[in-house]
Each structure stands twice: as C-alpha cells, then as structure tokens.
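J.: Once you've had a glance at the structure underneath, I'll fire off some questions.
A short reminder: the numbers here are calculations on the coordinates, not readings from a lab. The structure displayed is predicted, hence computed values, not measured ones. Note that we place each Cβ from the backbone using ideal geometry, even for glycine, and neighbour counts take in every protein chain shown.
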Amino acid sequence: MAKRSKVAQEAFELAEPVVSGLGFDLVDCSYVKEARGMVLTLYIDKKGGIGIDDCETVSRAVDPVIDASASIDPDFFEVSSPGLTRPLETVKDYNRYSGEKADVTLYKPMEGKKNFTAVIKGAEGDKATFVFDNGEELTLALEEIAKAVRHIEF
C-alpha cells in the first residue's frame with residue numbers, strides 16, 4: 001500500500017466504495033501542495049486503461065462525497081490515470097494486467113538474473129506468476145520483486 005498523508009488516506013477511504021461501485025479500481029490518492037494550492041488527486045485504473053470520460057465520471061460521483069467531509073477541504077480536486085509505467089504492487093495490479101508483458105527487477109538475482117521481461121499469468125495470495133517466451137513459468141513472492149512495470153512497446 002502506498003504511504004499517504006492522513007488527509008489522503010481519509011479521502012481514499014471515502015472515495016473507494018464510490019469508485020468501486022462505478023467499476024473502477026482506486027489505486028492511490030495524494031494530497032499535495034502545488035503552486036496553485038492544496039490538490040487532492042485520486043488515481044483510478046481498470047483493465048484496458050483509463051480515459052478522460054472515466055476520470056470525469058468518477059470526479060462527478062466522488063466530488064459530493066469529498067465536499068460532505070468536514071475534514072477534507074482541498075483547493076483543487078482531480079481524478080487521473082496512474083500512468084502506463086506505474087509500478088505493479090498488489091495482487092489486484094498483477095491480475096488486472098494478466099496476459100500483458102511486464103519488466104521485472106528482483107531484489108536478489110535468480111539464476112544469475114535480476115531483470116527479465118515476461119507475460120503476467122496472474123497472482124494469488126502474496127505471489128505472482130510469470131510466463132517466459134519459452135513457456136517456462138516462474139512464481140515469485142511479491143516481496144522478492146523490487147519493481148515491476150508494464151512492458152511498453154512502441
């Protein structure tokens with residue numbers, strides 16, 4: 001789980017049931033000072049990615065919930081995609097991108113390698129399974145993975 005400020009965590013907890021009810025995953029929330037003031041940002045995701053219409057739908061549904069909270073009063077509120085290269089951290093992240101390639105970095109080398117690219121087969125419990133081009137599978141505990149991001153080909 002991401003480290004969040006107290007306000008961001010409260011906003012996450014308020015928004016999560018609304019976001020889930022709309023069919024999206026709330027993956028993170030931030031509350032930071034920017035030049036224009038305090039900005040509360042929700043980061044949403046779904047299989048297939050997020051578009052501007054998705055952000056607008058979530059914003060319209062969550063805004064009244066945030067406004068009704070006495071302790072959260074951001075100067076600006078926005079909803080965003082977490083981006084293509086957001087690290088995969090949870091079982092839900094790995095399952096969302098099942099069937100897609102990921103670039104994985106391990107904390108300790110396995111068979112002399114710390115980095116590899118493979119297709120995400122899925123995740124269960126605290127483990128993720130990857131399939132290499134030769135059909136070989138590798139199951140790792142999430143705690144063994146230093147970083148995993150979706151493999152983007154141009």
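J.: Compute the long axis of helix 52-68 from its Cα atoms, compare it with the longest principal axis of the Cα atoms of the chain, and write down the angle in degrees, 0 to 90, nearest 10.
T.: For helix 52-68, the angle is close to 50 degrees.
J.: In whole percent, what relative contact order does region 6-80 give with Cα contacts below 8 Å and a gap of six or more residues?
T.: The value is 34 percent.
J.: Which longest run of the chain has no exposed loop site in it, a site being GluC sites (Glu not before Pro) in a DSSP loop with at most 15 other beta carbons within 10 Å, and the site itself not part of the run? Please list the in-between numbers first.
T.: Working: sites that count: E100, E111, E136, E153.
Counting only loop sites that pass the neighbour cut-off, the longest clear stretch is 1-99.
J.: I need L84, L40 ordered by Cβ neighbour count within 10 Å, fewest first.
T.: Working: L84 9, L40 22.
Fewest-to-most Cβ neighbours within 10 Å comes out as L84, L40.
J.: Treat each spin label as a single point 7 Å out from the Cα along the C-beta direction, and report the K46 to I152 distance in nm.
T.: 2.2
J.: If you don't mind, another one. Quick one: helix 6-21 against the long Cα principal axis of the chain, what's the angle to the nearest 10°, folded into 0 to 90?
T.: Its long axis makes an angle of about 80 degrees.
J.: Just want to confirm a number: the relative contact order over the chain, from Cα pairs under 8 angstrom separated by 6+ residues, in percent. Walk me through the numbers on the way to the answer.
T.: Working: 265 pairs, mean separation 27.9, N = 154.
RCO, the chain: 18 percent.
J.: In nanometres, what is the gap between the two model label sites at R60 and K127, each 7 Å from Cα along Cα-to-Cβ?
T.: 4.5
J.: With labels modelled as points extended 7 Å from the Cα through the Cβ direction, what inter-label distance (nm, one decimal) is found for N115 paired with R86?
T.: 2.4
J.: Just tell me which lysines come within less than 27 Å, Cα to Cα, of K114; anything on the same chain fewer than 8 places away is out.
T.: Straight-line reach from K114, under 27 Å: K3, K92, K101, K127, K147.
J.: What is region 91-150's relative contact order, in percent, from Cα pairs under 8 angstrom and six or more apart in sequence?
T.: Numbers: 116 pairs, mean separation 22.3, N = 60.
For region 91-150, the relative contact order is 37 percent.
J.: Now for a separate question. Arranged by the count of other C-beta atoms within 10 angstrom, fewest first, what order do K6, K127, K92 take?
T.: Numbers: K6 9, K127 16, K92 13.
In order of increasing Cβ crowding within 10 Å: K6, K92, K127.
J.: At 222 nm, what helix-only mean residue ellipticity would the chain give, in deg cm²/dmol to the nearest 500, using -39500 (n - 2.57) for each DSSP H run of four or more?
T.: -8000 deg cm²/dmol
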